[in-house]
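Quick notes on the structure that follows.
The values are calculated or read from the model by the stated rules, or taken from the named source; none is laboratory data. Bear in mind that the values here come from a model prediction, so they are computed numbers and not experimental data. When we count neighbours, we look across all protein chains shown, and the Cβ atoms used for this are built from the backbone with ideal geometry, even at glycine.
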Amino acid sequence: GDILASAAINYEGKFACDSPTYTAQVRGGPTKVDVIIDSEKILFPRTTAIDFMLCLAQRSWDQFAQDLKPDCIVLIDPSLVKNVDESYRVYRMPILEITKTNMKKMVYTSAVALGAMIGLTEVISVESARKGLLAKAPKGTEQPNEIAFNLGYEAAKELLK
């Protein structure tokens, strides 16, 4: 969420905030990061209706799906999430398999997912998202992060065909 919000602010001049909830992650439960991007000031840092959901756990779907807008775009990894409401715009991408096969290190899963999200939503430009990712990437990991981002982006564009 931080990369997306920072990129929207720094490279597109938009207002943005991210509100992560990490407590559940430590306990092994569902996690959530609210990211809001707007052309106007944001008055409340939590989402009230979700436009896009990246879901990598069935428990997360079960807990947060009730907050989705009717036209929400949902991206799931089908190896992890089996039961979803098909009335949403659901896209299935093997994010973990893409990462494992191409990157050999699962630490790049977030970059694959970010690229996929940008490819499906274009909430910010691909150039801004890439710059945001590279600005936050640990020194020495810029190239593999960019490769992972591009893999997710291209896989998303294939889903849209």
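Evaluated against (1) surrounded by fewer than 18 Cβ atoms within 10 Å (Cβ to Cβ); (2) out of contact with any strand residue (DSSP E or B) (no Cβ under 7 Å at 6 or more places or on another chain); (3) among the hydroxyl-bearing types (S, T, Y), S110 falls short on exactly one condition, (1). Of all residues in region 1-45, exactly one satisfies the criterion of being more than 18 Å from I124 (Cα to Cα), within 17 Å of the chain's Cα centre (by Cα) and at pLDDT 85 or above, namely S19. Taken as a whole, the structure places S79 among residues that are among the hydroxyl-bearing types (S, T, Y) and either modelled with pLDDT under 95 or surrounded by fewer than 17 Cβ atoms within 10 Å (Cβ to Cβ) (or both).
Got at least one residue in region 58-76 being assigned to a loop (DSSP other than H, G, I, E, B) and either in contact with a helix residue (DSSP H, G or I) (Cβ under 9 Å, 6 or more places away or on another chain) or not acidic (D, E) (or both)? No, because not a single residue in region 58-76 is assigned to a loop (DSSP other than H, G, I, E, B) and either in contact with a helix residue (DSSP H, G or I) (Cβ under 9 Å, 6 or more places away or on another chain) or not acidic (D, E) (or both). Evaluation of A156 against the conditions (1) modelled with pLDDT of 95 or more; (2) in a helix (DSSP H, G or I); (3) surrounded by fewer than 14 Cβ atoms within 10 Å (Cβ to Cβ) shows that the sole unmet condition is (3). Of all residues in region 107-161, those being touching a Ser or Thr at 6+ places or on another chain (Cβ under 6 Å) and aliphatic (A, V, I, L, M) number 1. Taking region 133-161 as the range and being touching an Asp or Glu at 6+ places or on another chain (Cβ under 9 Å) and small (G, A, S) as the test, only A137 passes. Can you find even one residue in region 105-114 that is of a type in the set (K, R) and either within 30 Å of G13 (Cβ to Cβ) or at pLDDT below 95 (or both)? No, region 105-114 has no match at all.
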